[in-house]
Every structure is written in structure tokens, then in C-alpha cells.
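To start, the structure under review is shown below, and the notes come after it.
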Amino acid sequence: MMKFEWFIGIDVSKNTLDFNVCHQTAPLLHQQVKNNKTGIQSVLSMCKKLKIDLSQTLFCLEHTGCLLYT
């Protein structure tokens, strides 16, 4: 089983994304950004500044279901 050094949980809503970052089991920070390309890029920049190795990071997003169009 692969063990991850970092965990990023993402709560997804229509307008915002709430990121919670943990290093191993220790909460590190929370950041809320707009749910758009610029918001996601700002989180990736933050990861780079914190020297988070994305290959050692588990991302977990809230399941929001899907819409069925008829």
C-alpha cells in the first residue's frame, strides 16, 4: 500500500473550493479560492511555495453527484 506524505481535501461548491492541507496527520492550512482556473492556479502556487511534492500528495474531493439531462 502506498503511503502519502501530504493530504489535500477539497470541498467543492459552485463558486468556491475549500482546500485543507495536512502534512502526514498534522493540519497545516485552509484556503478558500474561487472555483475557476485562477483559483486552482493559486493553490498550486501555494503548494510550490510550501515545497509540497505533488507525487507524494493524495487529493480527495467531495463527491457531488451528477446531473442527468433529459
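The values are calculated or read from the model by the stated rules, or taken from the named source; none is laboratory data. Just so it is clear, the structure is predicted and the values come from calculations on it, not from any experiment. All Cβ positions, glycine included, derive from the backbone under ideal geometry; neighbour counts span all protein chains shown.
Select, from Gln24, Gln32, the only residue that is modelled with pLDDT of 95 or more and in contact with a Phe, Trp or Tyr (Cβ under 9 Å, 6 or more places away or on another chain).
Working: Gln24 fails: modelled with pLDDT of 95 or more.
So the residue among Gln24, Gln32 that is modelled with pLDDT of 95 or more and in contact with a Phe, Trp or Tyr (Cβ under 9 Å, 6 or more places away or on another chain) is Gln32.
Please report, ordered by residue number, the strands (runs of 3 or more DSSP E) entirely within segment 1-67 with at least 1 residues that are surrounded by 14 or more Cβ atoms within 10 Å (Cβ to Cβ), within 13 Å of the chain's Cα centre (by Cα) and aliphatic (A, V, I, L, M). Step through it out loud before you land on a result.
On the way: elements: 6-12, 16-23, 26-34, 57-61.
The qualifying strands (runs of 3 or more DSSP E) are 6-12, 16-23, 26-34.
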